[in-house]
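These notes concern the structure reproduced below.
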Amino acid sequence: MKAPQARVVLTGASGGIGHASAAALLKAGATVMLVGRSAPRLAEQARQLVRETGTDASRVEHRLADLSRPEDLASLSVMAAGWGCNVLVHNAGLASFGHLQDLRPADVQAVLHTNLIAPMLLTQSLLPHLLAQARAQVICVGSALGAIGLPGYSVYSASKFGLRGFAQALRRELCETSVRVQYLGPRSTRTAFNSEAVEAYNRATGSAMDRPEQVALELLALMESEAAERFVGYPEKLAVRLNGLAPSWLDGSFKKHSRSLPPLAPALLAHS
């Protein structure tokens, strides 16, 4: 779908990739509904986007929704359908990094809900409306870690592997309908999403990082191409292919990553 025909509901709109994606979509001619958890922040972001892109204010909407609340998912689906959404972009996400032993069970559950369960439920709720459109798309913003499991990202990778599996299966389920389901896999991106520990890990392992504006252009290109998947950056694209063919071949390549993880919490060391 070309941008001028797109009415895009964008979750996680206030984040680094979200804001850059909204700007890229608006510049290309799309109409965008920003979705986030802070009404004042969304309102200011909408005004900022109008100034930055020279877009008419009528092409930038914003809606408040906490995707961890079932009632918010339901109301967002109703609003998106009434607004005429024909592109749903799942961009909201929570980070998770570190030794599995260090992670709190509540945080594990929150990451899986935000990164995987909420996109599934929102898609399910909005799907009858999307199927009624002449053309519609569901774009899951995942990660290269949805195809390559790295040390330190056991929970985050699980959520993104799941999101990629959801996108792949649903794409095939809907292959004879008007709805296309797609997956974008960025590598590490320079945003506030990354903690200091992640920044140190990336430096220690030599992991490349992209600007959010680059990821936004990849998202726009994916939407307009209607391709099934798009991964960002080398050698990550190659690693995705190799990992898909023979995952165990790459196991030894990530010893440096394992050694670069932060130390285990003292309480855990005391019981080891």
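Please treat every number below as a calculation from the coordinates, not as lab data. This one's a predicted model, so the numbers in the text were calculated from it and none came from an experiment. Reconstructed Cβ throughout: ideal geometry from the backbone, glycine too, with neighbour counts over all protein chains shown.
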Mind scanning Lys160/Lys256; Lys160/Lys255; Lys27/Lys256 and naming the pairs with a C-alpha gap bigger than 31 Å? Lys27/Lys256
Per residue Cα convex hull volume in Å³ - calculated over region 73-157: 85 Å³
Across region 135-253, what fraction of all alpha-carbon pairs, as a whole percent, falls in each successive 5 Å bin from zero upward? 2, 11, 19, 24, 20, 13, 7, 3, 1, 0
Can you give the Rg to Rh ratio of region 1-128, both from alpha-carbon atoms, with Rh computed by the Kirkwood formula? 1.00
Once the convex hull of the C-alpha atoms of region 53-206 is built, how many Å³ does it hold per residue, rounded to a whole number? 138 Å³
Distance in nm between label sites at Ala39 and Ala204, each 7 Å beyond Cα in the beta-carbon direction? 4.4 nm
Just round it to a whole percent: the fraction of Cα-Cα distances in region 1-56 exceeding 19 Å. 18 percent
What full-extension length gain, to one decimal in nm, is calculated for Ser58 and Leu242 as 0.36 nm per residue of separation minus the Cα-Cα distance? 61.7 nm
Multiply the residue gap between Ser225 and Ser154 by 0.36 nm, knock off their C-alpha separation, and tell me the result in nm, one decimal place. 22.4 nm
In a shell of Cβ-Cβ distance under 10 Å around Gly142, excluding Gly142 itself, what net charge do Lys and Arg (+1) and Asp and Glu (-1) give? +1
The helix 196-205 Cα axis meets the longest alpha-carbon principal axis of the chain at an angle in degrees, between 0 and 90 and rounded to 10, of 70 degrees
If N is the residue count of the chain, its Cα Rg over 2.2 N^0.38 Å rounds to 1.01
If you take the C-alpha gyration tensor of region 114-183, multiply each eigenvalue by 5 and take the square root, what semi-axes do you get, largest first, in whole Å? 25, 12, 8
Once R0 is set to 51 Å, what does the formula 1/(1 + (r/R0)^6) return for the Cβ-Cβ distance between Gln124 and Lys256, expressed as a FRET efficiency to the nearest 0.05? 0.80
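Glu196 to Cys175: FRET efficiency via 1/(1 + (r/R0)^6), r the Cβ-Cβ distance, R0 45 Å, to the nearest 0.05?
Efficiency, rounded to the nearest 0.05: 0.55.
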Between Val9, Gln137, Leu103, whose Cα lies farthest towards the positive end of the dipole of the chain when Lys and Arg beta carbons carry +1 and Asp and Glu beta carbons carry -1, centred on the Cα centre? Gln137
